[in-house]
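K.L.:
Below: one structure in structure tokens.
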Amino acid sequence: MSFDRTDVERTAHLARLSINESDIENTTETLTHILQLVDQMQAVDTSGITPLAHPLEAVQRLRADQVTESDQRDAFQQIAPATENGLYLVPKVID
């Protein structure tokens with residue numbers, strides 16, 4: 001598959017992009033190369049390949065699930081302009 005000038009202009013219009021006349025030819029060529037690369041990648045037989053979640057065999061180190069800070073909600077709500085039933089009251093933004 002390849003892009004031509006009209007495809008680039010139509011795609012730019014749909015995406016609301018402004019492309020200079022001098023850049024259309026370069027953009028057309030670049031998009032054509034990208035599509036050729038995608039075609040090459042789709043032509044590769046991957047039937048015997050197991051999908052990977054990550055290219056490296058890495059194990060995520062997890063920290064212990066421990067409480068490290070005390071509950072300071074009451075202290076923070078004392079300095080808040082307005083609270084009610086443990087919630088912060090804010091001005092209405094949407095009508």
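K.L.:
Name the residues whose placed amide hydrogens come within less than 5 Å of the amide hydrogen of Thr83, ignoring near sequence neighbours (fewer than 5 apart) on the same chain.
P.N.:
Excluding prolines and chain starts, which carry no amide H, the hits are Leu89.
K.L.:
Which one, Ala75, Ala64, Ala53, has the greatest fluctuation when you compute a Gaussian network model over the chain with C-alpha springs under 10 angstrom?
P.N.:
Ala75
K.L.:
If neighbour count is taken as other Cβ atoms inside 10 Å, put Asp39, Asp65 in order from fewest to most.
P.N.:
In increasing order of surrounding Cβ atoms, one gets Asp65, Asp39.
K.L.:
How much length is gained on full extension from Leu14 to Asp45, taking 0.36 nm per residue of separation minus their Cα-Cα distance?
P.N.:
That pair, Leu14 and Asp45, stretches by 7.7 nm at full extension.
K.L.:
What is the gain in length, in nm to one decimal, between Thr30 and Asp4 on full extension, counting 0.36 nm per residue of separation less the C-alpha to C-alpha distance?
P.N.:
Here the segment from Thr30 to Asp4 would lengthen by 8.3 nm.
K.L.:
Quick check on segment 5-95: what does the Kirkwood estimate of hydrodynamic radius come out to from the alpha carbon pairs, in Å?
P.N.:
Kirkwood hydrodynamic radius for segment 5-95: 21.0 Å.
K.L.:
Between 0 and 90 degrees, rounded to the nearest ten: what's the tilt of helix 21-42 against the longest Cα principal axis of the chain?
P.N.:
90
All of the numbers you see were taken from the coordinates with simple rules; none came from a lab. Everything quoted here is computed from the prediction, not taken from an experiment. Backbone-built Cβ (ideal geometry, glycine too); neighbour counts: all protein chains shown.
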